[in-house]
């Protein structure tokens, strides 16, 4: 991939330089985001991260469980686009459809209910990249399976630590 600096909206030169820095010093790849969600009313929340704001829930936005699936799909869109760019593949179209099943009985406080999280998730990547070889497509699929931060987070049993304070 000679002299290509940008493809698919990805600055390949910059990303490869960052990849190299992370290879030399793994701490360059560390991330510890802190987000804060504020109750707006009803089931609506305003989530803040630095100077970015997104709303979840209510009648006009995705609810948190939908956003969970959206996070997986969006993460892998980013992942495929970046790695396709590393391979020099120009993307004509890319979409990811995610679906999952969960039951809200526990969320509603019903006794004897199963956990309220997703019990299965599946997703389909649809990629049009004219000229891509079967080996390149296999590589991109493997990146989704092995390198997706959201996918890896879903697959892992991540310990959750809850601190609950209340002013009464």
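The values are calculated or read from the model by the stated rules, or taken from the named source; none is laboratory data. As the structure is a prediction and not an experimental result, all values here were calculated from the model. Cβ placement follows ideal geometry from the backbone for every residue including glycine, while neighbour counts extend to all protein chains displayed.
Details
- Filter pass, residue 145 being out of contact with any strand residue (DSSP E or B) (no Cβ under 6 Å at 6 or more places or on another chain), surrounded by fewer than 10 Cβ atoms within 10 Å (Cβ to Cβ) and at pLDDT below 95: no
- Residue-level analysis places residue 158 among those that are free of Cβ contacts under 8 Å to residues at least 60 places away in the same chain and either on the phi < 0 side of the Ramachandran plot or exposed (fewer than 10 other Cβ atoms within 10 Å of the Cβ) (or both).
- Residue under evaluation residue 72, criteria (1) touching a residue at least 40 places away in the same chain (Cβ under 8 Å); (2) surrounded by 12 or more Cβ atoms within 10 Å (Cβ to Cβ); (3) assigned to a loop (DSSP other than H, G, I, E, B), criterion not met: (3)
- Residues located in region 36-48, provided they are surrounded by 10 or more Cβ atoms within 10 Å (Cβ to Cβ) and touching a strand residue (DSSP E or B) at 6+ places or on another chain (Cβ under 8 Å): 37, 38, 39, 40, 44, 45, 46, 47, 48
- Among the residues of this structure, residue 151 counts as one that is under 27 Å from residue 38 (Cα atoms) and within 13 Å of the chain's Cα centre (by Cα).
- Residue list for region 116-137, filter: surrounded by 10 or more Cβ atoms within 10 Å (Cβ to Cβ), under 25 Å from the mean Cα position of the chain (by Cα) and not in a strand (DSSP E or B): 116, 117, 118, 119, 129, 132, 136, 137
- Residues of region 91-115 that turn out to be in contact (Cβ under 8 Å) with a residue 12 or more places away in the chain, surrounded by 15 or more Cβ atoms within 10 Å (Cβ to Cβ) and in a loop (DSSP other than H, G, I, E, B), as a count: 3
- Subset tally (residues that are in contact with a helix residue (DSSP H, G or I) (Cβ under 9 Å, 6 or more places away or on another chain) and in a strand (DSSP E or B)) for region 48-57: 2
- Residue in region 102-112 that is out of contact with any strand residue (DSSP E or B) (no Cβ under 6 Å at 6 or more places or on another chain) and on the phi > 0 side of the Ramachandran plot present: yes
- For the condition assigned by TED's automatic domain parsing to the domain that holds residue 130, without any contact (Cβ under 8 Å) to a residue 24 or more places away in the chain, assigned to a helix (DSSP H, G or I) and surrounded by 14 or more Cβ atoms within 10 Å (Cβ to Cβ), residue 67 qualifies.
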